[in-house]
Amino acid sequence: MLLGIIDFGRAVYTYHLVSEGARSATRYAIVNGVASCAGGSPDPLQAYVADASWGITPSQLTVTTTCAGGNTGCSSTSAPYDGPGCLVSVNVAYSFHFIVPLISLLVIPMASRSQMVISQ
């Protein structure tokens, strides 16, 4: 019973890391603007989330970033839309695996999305 409580505590902690990773990556993008929405390999926002997520397996972490010019305040006219006033969206997903033997086959998909407007 105690191990199950500890494992569910790990699940709550992991969900917190996933949601905080999405929020902090979006904030990083709105502050850094053009440099963060460059894409490429490695993607700066993906690397930022992986570095900030301590205690979880980075290979199971999926980060999808979108910089879109759909906002009316967007000053960029061609892709990538990464100027001030443009929207940046970060989706973070993680598959949580329990370690307690009775529920170790249970996998909980965790996901969080954050979207903000680039300020600089």
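The values are calculated or read from the model by the stated rules, or taken from the named source; none is laboratory data. From a predicted model like this one, the values you see are computed outputs, not experimental measurements. FYI the Cβ positions are ideal-geometry reconstructions off the backbone, even for glycines, and counts take in every protein chain you see.
Here are the numbers:
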{"read-out": "Residue identified as closer than 30 Å to Ile99 by Cα, surrounded by 13 or more Cβ atoms within 10 Å (Cβ to Cβ) and at pLDDT below 90 among Ala38, Ala29, Ala25, Ala11", "value": "Ala25"}
{"read-out": "Strands (runs of 3 or more DSSP E) wholly inside region 50-120 containing at least 1 residues that are of a type outside the set (Asp, Glu) and at pLDDT below 80", "value": "61-68"}
{"read-out": "Scan of region 105-120 for residues that are within 16 Å of Gln60 (Cβ to Cβ) and touching a helix residue (DSSP H, G or I) at 6+ places or on another chain (Cβ under 9 Å), ordered by number", "value": "Ile108, Met110, Ala111, Ser112"}
